[in-house]
1. Taking the number of other C-beta atoms within 10 Å as the exposure measure, put B:VAL133, B:VAL91, B:VAL81, B:VAL14 in order starting with the fewest.
2. What is the order of A:TRP38, B:TRP50, A:TRP94, B:TRP8, fewest Cβ neighbours within 10 Å to most?
3. Any idea what the alpha-carbon Rg over 2.2 N^0.38 Å comes to for region B:2-138?
4. Mind checking region B:61-142 for chymotrypsin sites (Phe, Trp or Tyr not before Pro) that DSSP puts in a loop (not H, G, I, E or B) and that have at most 11 other Cβ atoms within 10 Å?
5. Taking square-rooted eigenvalues a ≥ b ≥ c of the alpha carbon gyration tensor, is the protein assembly as shown rounded, prolate or oblate, where a/c under 1.5 means rounded and, failing that, a/b exceeding b/c means prolate?
6. What list do you get for A:VAL55, B:VAL26 if you sort them by fewest beta carbons within 10 Å?
7. Which whole-number percentage describes the relative contact order of chain A, with Cα contacts under 8 Å and a sequence gap of 6 or more?
8. Using Stokes-Einstein with the Kirkwood hydrodynamic radius over Cα pairs, what translational diffusion coefficient do you get for region A:13-140 at 4 °C and a viscosity of 1.567 mPa s, in µm²/s rounded to a whole number?
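Read-outs throughout are calculated quantities, based only on the coordinates presented, and are distinct from any laboratory measurement. Computed from a predicted structure; not experimentally measured. Cβ coordinates were reconstructed from backbone atoms using ideal geometry, including for glycine residues, and neighbour counts include every protein chain displayed.
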Amino acid sequence: MRPLFGFIAGALFGAGLFISGMTDTAKVQGWLDVFGDWDPTLAFVMGGAILPMAVAWAVARGRKPALGGRFPTPPEPRVGRNLIVGSVLFGAGWGLAGLCPGPSLASLSYGGAMHWVFVAAMIAGMIAAVPIRARMPATT
Amino acid sequence: MIEQDWIWGFAGGVLIGLGGAVYLLVNGRIMGASGILGGLVDGSELSTKWERLAFIAGTILAPVVLYPLYREVDTHITGNVAVVIVAGLLVGIGTRLANGCTSGHGVCGMSRLSLRGIAATVFYILAGGMTIVLFRHVLGVI
């Protein structure tokens, strides 16, 4: 059951990324390009996604997940060095190519060879991050 | 027409949020693309590998079904392979150091008013904006 609902969640995520235009690197770079031809679409995507998600967090309060286990612990209040350094590095890569992890997966089937190159490099980066993560916990 | 893009953006966003709601309320997990993939490729979260693999399969396969309904879909990705590799490495390292990306920190974190989610989102947007200024408007490489 867990993989089934994982698949359903992933399919909703992938469908949403596809129809919202967020797998189009020009739209993402256009949103970041405040001094150029600014494209506000990403703000509508983020707003549309936050609404059902905020309802979900409210529903989760005082309950347990449908398939058992526990909900994630309340958000960690500390903004650490790793969070800031990591987000700056991520943002730089996001701006350079116009792709973040979700859309890079959603566009694999039709985006062409460059998307496979991106995902391969991203996975290499994720593995390269292991020793750095081990030295600096995420909240420090 | 750009306004129509906003409507599709909002509709797609709602689907993304529904995906996150299912993953939270049913599986009890935060829907973050970098965490779901990262925990698999670095071997740190293999006890939940099947729901992670299934999530990734759904993300990749849903557009396969939708693609034929669209007349043309262009991702406009750069043809500069060096830029793509550097960008991919930065996204991979950065999201794992920060423990999240646009979906985990942006959608799931901000929707529960997580300070870390909001801070991460501010920093990756600022860094992305400055990257565009530098590499597009100053250096002209992207």
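1. Values: B:VAL133 17, B:VAL91 31, B:VAL81 13, B:VAL14 21.
Taking fewest neighbouring Cβ atoms as first place, the list is B:VAL81, B:VAL133, B:VAL14, B:VAL91.
2. Listing A:TRP38, B:TRP50, A:TRP94, B:TRP8 from fewest to most nearby Cβ atoms yields A:TRP38, B:TRP50, B:TRP8, A:TRP94.
3. The value comes to 1.15.
4. Values: sites: B:TYR70, B:PHE123, B:TYR124, B:PHE135; in loops: B:TYR70.
Of the chymotrypsin sites (Phe, Trp or Tyr not before Pro), the ones in loops of region B:61-142 whose Cβ has at most 11 other Cβ atoms within 10 Å are B:TYR70.
5. Working: a/c = 1.42, a/b = 1.19, b/c = 1.19.
In terms of gyration-tensor shape, rounded.
6. Values: A:VAL55 15, B:VAL26 19.
Going from least to most buried by this count: A:VAL55, B:VAL26.
7. Numbers: 85 pairs, mean separation 44.1, N = 140.
Taking the mean separation of contacting Cα pairs over the length of chain A, I get 32 percent.
8. On the way: Rh = 17.2 Å.
Using the Kirkwood radius from Cα pairs, D works out to 76 µm²/s.
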